[in-house]
1. Equivalent ellipsoid semi-axes for the chain, as square roots of 5 times the alpha carbon gyration tensor eigenvalues: give them largest first, rounded to whole Å.
2. Take every DSSP beta bridge with both residues inside the stretch 28-220 and express the antiparallel ones as a percent of the total, to the nearest 5.
3. Using the Karplus curve 6.51 cos²θ - 1.76 cosθ + 1.60 with θ = phi - 60°, what ³J(HN,Hα) values do you get for each residue of the stretch 75-80, in whole Hz, with x for Gly and Pro?
4. Sort 143, 27 by heavy-atom solvent-accessible area, probe 1.4 angstrom, most to least.
5. Suppose all protein chains stay in the model; what accessible area per residue would a 1.4 Å probe give for the chain, in Å²?
6. Accessible area of the chain with a 1.4 Å probe: how many percent of it is carbon plus sulfur?
7. How high is the relative contact order of the chain? Use alpha-carbon pairs under 8 Å, at least six apart in sequence, and give a whole percent.
8. Using the Karplus curve 6.51 cos²θ - 1.76 cosθ + 1.60 with θ = phi - 60°, work out ³J(HN,Hα) for each residue of the stretch 213-225 in order, rounded to whole Hz, and write x for Gly and Pro.
Amino acid sequence: MAELILDYDTEGRLCLVDEAANHGPIYVDFVAGAGAHRRKFGGGLQQPLARACGLSGKFKPQLCDANAGMGRDSLVLASLGAPVTLLERHPQVAALLRDGLRRLAQCGQLDPELQPLAQLMTLLEVDAIEYLSSATARCDVVYLDPMFPPRQKSAKVKKEMAAFHRLVGRDEDAAELLQAALAAARYRVVVKRPRGADWLAARKPSHAIEGKTVRYDIYVNSAIPK
């Protein structure tokens, strides 16, 4: 199996490259592409992710995205005005995120719409369990999106995501992470799951919000301010 490496493309983006694969390089893009489309047309405060995390016109919680990955959900939450701390323990994924935030900040100098996003997103290259268990953790809401093997056969999974799964692997300590998140969150923990999946760690949520393909399980510690 070919090794996945980090390299810069001709546009100066840090990319994850699998030279043996027939897909393009993988990089974090907070400015254009699918992320920009979702940021602009995803449904605002009424979309399931925002409702699950308790965002409203009057309240923007301090969020911790404990499985930051490619940062797509963090981007949506920040675009709605919430400050987000992205936690990522995998060094190569953290490097991709750091480069994406660098390019976002550069574009923000020219685009007033993008400037607040760079200021609202903070990356920490840390183990989420250790961070959430520390005295420095300050989170109104903790958001979890643990990585599990794709449920579809490999032929049906996008090649880019298959490579990402191969790099990161599965989150074997997701149950422990849920416990740490519950101890750290002031108001709630939100767990993103495939719509038909079991509860994380077989722990029943307080309630759930369903989207077309995913479900947000919500574990309430205390009520969100009105």
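The values are calculated or read from the model by the stated rules, or taken from the named source; none is laboratory data. As the structure is a computational prediction, the values presented were derived from the model and not from experiment. So basically every Cβ, Gly included, is an ideal-geometry build from the backbone, and we count neighbours across all protein chains shown. When the accessible area is computed, the model is the full protein with side chains, heavy atoms only, and any ligands, DNA or RNA have been set aside. Shrake-Rupley method; radii C 1.70, N 1.55, O 1.52, S 1.80 Å.
1. Working: eigenvalues 141, 95, 56 Å².
Listed largest to smallest, the semi-axes of the chain are 27, 22, 17 Å.
2. Values: 11 of 26 bridges.
In the stretch 28-220, approximately 40 percent of DSSP beta bridges are antiparallel ones.
3. 4, 4, 5, 5, 5, 9
4. Numbers: 143 0, 27 65 Å².
From most exposed to least exposed: 27, 143.
5. Numbers: 11730 Å² over 226 residues.
Each residue of the chain exposes 52 Å² on average to a 1.4 Å probe.
6. Numbers: 5960 of 11730 Å².
Answer for the chain: carbon and sulfur cover 51 percent of the accessible area.
7. Details: 388 pairs, mean separation 41.1, N = 226.
After rounding, I find 18 percent.
8. With the stated coefficients, the stretch 213-225 comes to 10, 10, 10, 10, 7, 10, 10, 8, 9, 7, 6, 5, x Hz.
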